[in-house]
Amino acid sequence: MSKRPIFFASLLLTGWPIMFGCGLQNDATQGSKLDIVGGNTVTASQYTTLFKSIASLRYGGSHFCGGTLIASNKILTAAHCLADFSSSTIKNSVTVTLGSSSLSSSTGATTYKVSSYKIDPRYNANTSQFDMAVITINGTSTITPAKVNVDTALPAVGAKTYVAGWGSTREGGNVNSALKYTSVAVVANKECTIAYGSDIYAGSLCAYTKATDSCQGDSGGPLYSLSATTMTVVGVVSWGYGCAQAGYPGVYTRVSEFTPLTF
Ligand code: ARG
């Protein structure tokens, strides 16, 4: 179950510490210890109105990635959340939980098995490009699904977006039982290339606000824009250099470059 760190080779060449880690593995051990890093814990009323479509992907009952309900039986997530598992492991041991903001409480929660799933066939584990997958759960949820952005002009550079999940609250930490969210500003791909080079492509969406970020365990979950109480998913949590490192945006899969609803 080893997730190859992204930019491993280039990091070594430039002498940067190895600080990537995804999904089940938390191998980020260095760097700043910032307190999703930063942000806020989702309150009960916020959860009901704004965050209910966020799913917890679990392996043997333990949270390892996020996801978003985008149709009554479809969960949008990241390819890298599933790519290291065999299809039989996914069908036998991976479950999707909806309905509870706490990983440690089953009140309100419904857990589904995976009926089928599709990883973007273009997904590249070395570059993390095309990091998108859709799971079909073995049942239908009554939770209102999130909207999926299809407008390639959005989100605008500088726009305020949100990311939420049960991921680590600091680089190198563990998953967090309470759902958290934070706000991050959209960065132009061109600018993001300054930090990350050629692995930024049209299907990348970068977002950065100082001292706050998504982190390990948030992968697969949504980056979204809000208009009143409508959540529109614009990105899928994919990767980054550590978490909340100064000058290094979080990198998301730009959903408008994909067709997750017909996947
Ligand atoms: N790859 C990580 C995961 O599997 C998500 C990392 C997001 N990193 C960031 N700095 N925004 O959970």
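The numbers here are math on the coordinates, done by the rules we state, and not lab data. As the structure is a computational prediction, the values presented were derived from the model and not from experiment. We place every Cβ from the backbone using ideal geometry, glycine too, and count neighbours over all the protein chains shown.
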For the stretch 135-140, what does the Karplus curve 6.51 cos²θ - 1.76 cosθ + 1.60, with θ = phi - 60°, yield as ³J(HN,Hα) per residue in whole Hz, taken in order and with x for Gly and Pro? 9, 9, 8, 8, x, 10
What value, in deg cm²/dmol to 500, does the helix sum -39500 (n - 2.57) over DSSP H runs of n ≥ 4 give at 222 nm once divided by the residues of the chain? -2500 deg cm²/dmol
5 Å is the cut-off here: which amide hydrogens, built 1.01 Å from N in the peptide plane, fall below it relative to M231, excluding neighbours closer than 5 in sequence? K147
Ordering of 135-143, 162-170, 148-156 by burial proxy (mean other Cβ atoms within 10 Å per residue, highest first): 162-170, 135-143, 148-156
May I ask you to derive the FRET efficiency for D151 and K118 from their Cβ-Cβ distance with R0 = 30 Å, giving the value to the nearest 0.05? 0.80
From the phi of every residue in the stretch 193-198, what ³J(HN,Hα) in whole Hz does the Karplus formula 6.51 cos²θ - 1.76 cosθ + 1.60 yield, where θ is phi - 60° and glycine or proline is x? 4, 4, 7, 10, x, 6
What is the chain by shape, rounded, prolate or oblate, if you read a ≥ b ≥ c off the alpha carbon gyration tensor as root eigenvalues and call it rounded for a/c under 1.5, prolate for a/b larger than b/c, and oblate otherwise? rounded
Between E257 and I143, 0.36 nm times their residue separation minus their Cα-Cα distance comes to what? 38.5 nm
What ranking of R58, R122 emerges when the number of other C-beta atoms within 10 Å of each C-beta is taken as an exposure proxy, fewest first? R122, R58
Which distance in nm do the two modelled labels at S93 and A44 give, with both placed 7 Å along the Cα-to-Cβ direction? 3.6
So which of K113/K210; K160/K190; K147/K180 end up more than 29 Å apart by C-alpha? K113/K210
With r as the distance between the Cβ atoms of S104 and Y201 and R0 = 41 Å, compute the FRET efficiency 1/(1 + (r/R0)^6) and round to 0.05. 0.60
Sticking with the crude label model, points 7 Å out along Cα→Cβ, report the distance from A246 to T193 in nm, one decimal please. 2.6
